[in-house]
Amino acid sequence: MDSLSINVTTVTALFTWRAILIQLLVATFSLFVWRRYLSPLADIPGPFVASFSRWWHIRRIFIGDQSLQLVALHEKHGHFVRIAPNEVSVNHPDGIKQILLQPLWKGKWYELLQLPDYRYKAPMSTLDPKKKVERSRNLAIGYSLSNMIKSEDAVTRTIEMLLDWMDQYAEGQKPMELDKFFTFTAFDVVGEVLFSKQFGFLQQGVDIGNAISNSLALNAYAAIAGFLQPLNLIVANPFVTWLQVMPMGHLFNTTLKAIDERQKNDEARFDMVAHWFKTLASHPERMELRDIYAQATTNVGAGADTVSCALQSFVYHMIRHPTAWQRARAEIDATRSNEGLCTDRVVLFDHAQKLPYLQACIKEALRVFGPVPMGLPRVVPREGITIGDRTFPAGTVLSINPWVMHFSKEIWGPDAHAFNPDHWFEGSAAAAEKYWIPFGAGYNSCPGQNVTKIELSKITATIVRDYDIRQVDKDQEWKYKAYFTVVPHSWPCVIKKRQY
Ligand code: HEM
């Protein structure tokens, strides 16, 4: 045999099935050894599988208990837990300052939020901090408190529809699934503030076109598929968008249709999209129509489940703590009789803000059951990041999970897991505030905070003042799955209207 035929034989041998299999096994084993034993993160504790694969995390998201698992892991291992080969969950008290409050690139996971496909870029799906801030600047005016307050009457009318349903259930003495009605309300409020039109859930009292079930499917999909980018390219592209077969396509089309109708509606208020269209008209070089569609879709995706969860957490925990309910009610009654406030059928935002105990209860509800139970991932820059006595090299993904932060006994004391509104009046309350991150923190924090505060303050004050609520089965725990957001269900209630 000459040398040429030996080489050909060798190359051919390399490509037999057996050889390919062996090479794959060697490569996989080498990757495993490197990730598990040689990586700079090798000594960070965490689940064994997570040290060499993302599957531990994906499985926990799929099961729906990622947040509780992470809380337990931090209690066992301390400030740093390795949750994937290149990702570390952090609950060090300096973590928020060093990670969320810095202009760091976001983890690649966020790209999944280009809804319904890569042509639609919103600030949330923009990883580069500079570009993200530029995009947000075009849209920020729509979220300002002064503009949100202009929508208060529309929000009030929507809440009145919720109250009509509550009155109806109270009269009929039928169990009410508050979880569904809170979600209906949250969706309809988003519709009102965004494009001056409710989606119609409260009017019909049903999940029209399974939109809410679809939103749950999108939520589960987003949480997992963000880690499987190639899969995302197959299921989220312009062709699939056109086919309208994916949940994000449905969400997008509903939003698009609503914006188009709004543009023809002469009675539309100067709502959120009106502000964005105004910016587009005066600065066409800064943004395009697709940005408006993308941001409106993000709002519908991010602004309804979260508020429903917050409302549910408030009522669920308050009825388990009747003393807190009575104290909040006494505060409202006193404000009513002493100052003549809180007398409207739906309490005004301005009045609800003057109720410190009620506000503490809202904050506590958002602390013990935050609507976002997933870590917020950021990428360590070239110069590395030092947190406590640990330095993380460039490229490591560090994430802060609101649940983990909110359950830290180091920060909130030994009863960190308990619902206790007095957390907000104790000595360290002001200091603890900086660790309260249901809305995230820093340049990526939630722009929907103002409308959320208006909605939560008005609804909770009105309900506490006017209704007595108990669960059909007081020992029944609600059910939920912690995906990107968490929306509990299955805790039907009996509603009674308060007699004055
Ligand atoms: C209790 C209610 C809410 C909670 C707890 C909440 C929480 C959050 C969190 C944790 C983030 C992500 C921060 C990050 O990536 O670091 C976020 C982003 C966002 N939220 Fe909210 N949210 C709520 C309500 C709303 C509402 C009502 C709207 C809109 C009307 C909204 C619109 C958005 C948008 C557009 C983003 C993306 C922000 C960006 O990256 O530019 N949210 N929210």
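The values are calculated or read from the model by the stated rules, or taken from the named source; none is laboratory data. Note that the coordinates shown come from a computational prediction; the quantities given were computed from them, not determined experimentally. Counting neighbours? That spans all protein chains shown, and the Cβs are built from the backbone with ideal geometry, glycine included. Note: areas computed on protein heavy atoms with side chains; ligands, DNA, RNA excluded. Shrake-Rupley method; radii C 1.70, N 1.55, O 1.52, S 1.80 Å.
For the condition farther than 29 Å from E87 by Cα, of a type in the set (A, V, I, L, M, F, W, C), more than 9 Å from the ligand (Cβ to nearest atom) and open to solvent by less than 20 Å² (accessible area, probe 1.4 Å), what is the one hit in A416, A432, A360, A365?
On inspection, the qualifying residue turns out to be A360.
Need the failing condition index for R290 against (1) buried (at least 19 other Cβ atoms within 10 Å of the Cβ); (2) of a type outside the set (D, E); (3) touching a residue at least 40 places away in the same chain (Cβ under 8 Å), just the number.
It is condition (1) that R290 fails.
May I ask you to say which residue of L218, L127, L194 is of a type in the set (A, V, I, L, M) and under 25 Å from K481 (Cβ atoms)?
So the residue among L218, L127, L194 that is of a type in the set (A, V, I, L, M) and under 25 Å from K481 (Cβ atoms) is L218.
Going through the range 93-120 one residue at a time, which ones are in contact with an Asp or Glu (Cβ under 8 Å, 6 or more places away or on another chain) and within 11 Å of the ligand (Cβ to nearest atom)?
Hit for the range 93-120 is G107, nothing else.
List pairs: first residue in the range 435-451 and among the polar types (S, T, N, Q), second residue open to solvent by 40 Å² or more (accessible area, probe 1.4 Å) anywhere in the structure, Cβ distance under 7 angstrom, at least six positions apart or on different chains.
Final answer for the pair search is N450/L145.
As an exercise: evaluate L127 against (1) in a helix (DSSP H, G or I); (2) within 16 Å of the ligand (Cβ to nearest atom); (3) not acidic (D, E) and give the number of the one condition it does not meet.
(1)
Scan the range 303-316 and report the pairs whose first residue is open to solvent by 10 Å² or more (accessible area, probe 1.4 Å) and whose second residue is among the charged types (D, E, K, R) and more than 9 Å from the ligand (Cβ to nearest atom), with Cβ atoms within less than 7 Å and a gap of 6+ or a chain change.
none
Working only within the range 368-401, note down all residues that are within 30 Å of D422 (Cα to Cα) and either buried (at least 24 other Cβ atoms within 10 Å of the Cβ) or within 16 Å of the ligand (Cβ to nearest atom) (or both).
Residues satisfying the conditions are V368, F369, G370, P371, V372, P373, M374, G375, L376, S399, I400, N401.
Limited to the range 45-81, what total is found for residues that are aromatic (F, W, Y) and crowded, with 16+ Cβ neighbours inside 10 Å?
Qualifying residue count for the region: 3.
Scanning for something acidic (D, E), more than 16 Å from the ligand (Cβ to nearest atom), touching a residue at least 12 places away in the same chain (Cβ under 8 Å) and surrounded by fewer than 16 Cβ atoms within 10 Å (Cβ to Cβ), does the range 477-487 turn up at least one residue?
Yes, some residue in the range 477-487 is acidic (D, E), more than 16 Å from the ligand (Cβ to nearest atom), touching a residue at least 12 places away in the same chain (Cβ under 8 Å) and surrounded by fewer than 16 Cβ atoms within 10 Å (Cβ to Cβ).
Per-residue answers, yes or no, for (1) within 16 Å of the ligand (Cβ to nearest atom); (2) surrounded by 14 or more Cβ atoms within 10 Å (Cβ to Cβ); (3) of a type outside the set (S, T, N, Q):
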site: K409; (1), (2), (3): no, no, yes
site: E426; (1), (2), (3): no, no, yes
site: A441; (1), (2), (3): yes, yes, yes
site: N444; (1), (2), (3): yes, yes, no
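Give the range 361-399 a look and list any residue that's small (G, A, S) and under 29 Å from L216 (Cα atoms), or say none.
Passing the criteria: A365, G370, G375, S399.
Of everything in the range 453-476, what is open to solvent by 30 Å² or more (accessible area, probe 1.4 Å) and either under 25 Å from S337 (Cβ atoms) or not in a helix (DSSP H, G or I) (or both)? Give them in sequence order.
Quick first cut of the range 453-476, residues open to solvent by 30 Å² or more (accessible area, probe 1.4 Å) only: 453, 468, 470, 472-476.
Residues satisfying the conditions are D468, R470, V472, D473, K474, D475, Q476.
What helices (runs of 4 or more DSSP H), lying completely within the range 175-273, carry at least 3 residues that are open to solvent by 30 Å² or more (accessible area, probe 1.4 Å) and modelled with pLDDT of 90 or more?
Result: 247-264.
If only one of A352, A334 is under 30 Å from R470 (Cβ atoms) and in contact with a Ser or Thr (Cβ under 6 Å, 6 or more places away or on another chain), which one is it?
A352
Tell me the residue from S490, S445 that is assigned by TED's automatic domain parsing to the domain that holds F181 and within 30 Å of E171 (Cα to Cα), please.
Going through S490, S445 in turn, just one is assigned by TED's automatic domain parsing to the domain that holds F181 and within 30 Å of E171 (Cα to Cα): S490.
Name, by its number, the condition in (1) closer than 25 Å to C493 by Cα; (2) within 16 Å of the ligand (Cβ to nearest atom); (3) open to solvent by less than 60 Å² (accessible area, probe 1.4 Å) that does not hold for N450.
The failed condition is (1).
Go through the range 317-344 and give me each residue that's touching a Cys at 6+ places or on another chain (Cβ under 7 Å) and surrounded by fewer than 21 Cβ atoms within 10 Å (Cβ to Cβ).
R336
Mind checking which residues of the range 135-157 are open to solvent by 60 Å² or more (accessible area, probe 1.4 Å), within 14 Å of the ligand (Cβ to nearest atom) and either touching a His at 6+ places or on another chain (Cβ under 9 Å) or among the hydroxyl-bearing types (S, T, Y) (or both)?
Result: I141, single match.
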